[in-house]
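A short worksheet on the structure shown next.
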Amino acid sequence: MSFLEQIDRDRIPSHVAVIMDGNGRWANKLGKDRLEGHTQGAVRAREIVDAANKIGIKYITLYAFSIENWERPESEVNGLMALLSKSIVSQFADLIKYNMRLTTIGDNSMLPDDVRADIEEACHKSAANTGLTVVIALSYGGRYEIMNAVKTLLKRYKQSPFDIDSLKDDDFSKCLYTADMPDPELLIRTSGEVRVSNFLLWQISYSELYFTDVLWPDFDEEQFYKAIVDYQHRERRFGKTSQQIGS
Ligand code: IPE
Ligand code: IPE
Ligand code: MG
């Protein structure tokens with residue numbers, strides 16, 4: 001039986017986040033340039049977005065470029081930026097056709113002007129769509145996001161002081177890039193690395209983590225469904241006992 005058939009349609013996670021890792025190693029293995037790995041990675045990203053849409057996931061967040069990735073060789077950074085623009089522009093028509101909404105999290109101001117313009121246009125034109133929300137984490141850093149939220153709250157306090165002791169988790173969540181999204185129930189990372197690499201640090205506090213050795217350019221639709229099935233077999237206890245969950 002395929003993994004798709006094993007999925008319980010009544011327990012689909014609303015938000016899945018993905019650390020798409022291993023493009024460089026995939027290319028190395030085949031004696032190709034790293035950028036060819038990224039190109040094949042972009043093809044998989046599209047396949048996984050379609051898979052998420054097919055099973056009714058509401059939000060999928062794809063880690064495409066971290067703040068730390070700016071430190072890579074200039075040629076790789078430029079290649080990645082060009083690939084991002086190209087992928088978004090070439091897939092825009094389908095985005096609209098399937099009623100998907102594109103949005104980004106991260107510091108857009110660091111992006112080259114033309115890349116930012118292409119992305120902002122696609123986000124703007126798809127903003128009213130009501131289907132799957134595709135979130136691209138771009139120039140994204142979790143600590144950076146948290147620091148920004150702290151600064152937002154401090155500035156607000158300076159303008160009009162409030163009762164600090166009454167601040168709730170939710171007040172902080174609302175200052176993050178992900179303010180209007182549910183936290184991811186599931187975080188997937190490919191390529192065998194078992195770390196979170198500064199991704200959604202606040203939001204993944206109770207996410208189920210799924211690690212696989214498969215390199216991102218090999219991570220196909222069935223691999224994605226396999227992760228969903230694995231997630232559906234977990235017992236999410238949120239600090240309670242198994243008995244409490246069962247009752
Ligand atoms: C993930 O693949 C894509 C980005 C970080 C942009 P990598 O480029 O990190 O691939 P590896 O980890 O070197 O194999
Ligand atoms: C994480 O992958 C970032 C993305 C997938 C975009 P990296 O390859 O940059 O992570 P580290 O440096 O190995 O932790
Ligand atoms: Mg990597």
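How much mean residue ellipticity at 222 nm does the chain get from its helices, if each DSSP H run of length 4 or more adds -39500 (n - 2.57) and you divide by all residues, to the nearest 500 deg cm²/dmol?
Calculated mean residue ellipticity at 222 nm is -13500 deg cm²/dmol.
FRET efficiency for the pair residue 234 and residue 147, taken as 1/(1 + (r/R0)^6) with r the Cβ-Cβ distance and R0 = 35 Å, rounds to 0.65. Taking the DSSP beta bridges in the chain as the whole, what percent of them are antiparallel, to the nearest 5? Bridges in the chain are about 0 percent antiparallel. Ranked by the mean number of other Cβ atoms within 10 Å of their residues, highest first, the peptides 65-72, 11-18 fall in the order 11-18, 65-72.
Cross-link check: pairs 125/226; 29/97; 54/86; 54/125 evaluated at a Cα-Cα cut-off of 28 Å; pairs beyond the cut-off: 125/226; 29/97. The reciprocal of the average 1/r between distinct C-alpha atoms defines the Kirkwood hydrodynamic radius, which for the stretch 158-234 equals 14.9 Å. The alpha-carbon atoms of the stretch 112-247 define a convex hull whose volume equals 194 cubic angstrom per residue.
On full extension, the segment bounded by residue 156 and residue 71 gains 27.3 nm, given 0.36 nm per residue less the C-alpha separation. Largest first, the extents of the alpha carbon coordinates of the chain on the three principal axes equal 58, 49, 35 Å. Quick check: Cα centre of the stretch 208-247 to Cα centre of the stretch 161-187, how many Å? Centre-to-centre (Cα) distance: 24 Å. Averaging Cα coordinates gives a centre for the stretch 192-206 and one for the stretch 79-136; these two points are 23 Å apart. Note on the stretch 1-66: Cα-only Rg and Dmax are 14.3, 44 Å. Amide hydrogen proximity for residue 105: with H placed 1.01 Å from N in the peptide plane, the residues at 5 or more positions away or on another chain lying under 5 Å are 136, 137, 138.
Grab the beta carbon distance between residue 33 and residue 98, set R0 = 25 Å, and tell me the FRET efficiency rounded to 0.05.
About 0.20, to the nearest 0.05.
FYI, it's all coordinate maths here, none of it is from the lab. Quick caveat, the model's predicted, so the values are computed rather than measured. For neighbour counting, all protein chains shown are included, and Cβ atoms are generated from backbone atoms with ideal geometry for every residue, glycine included.
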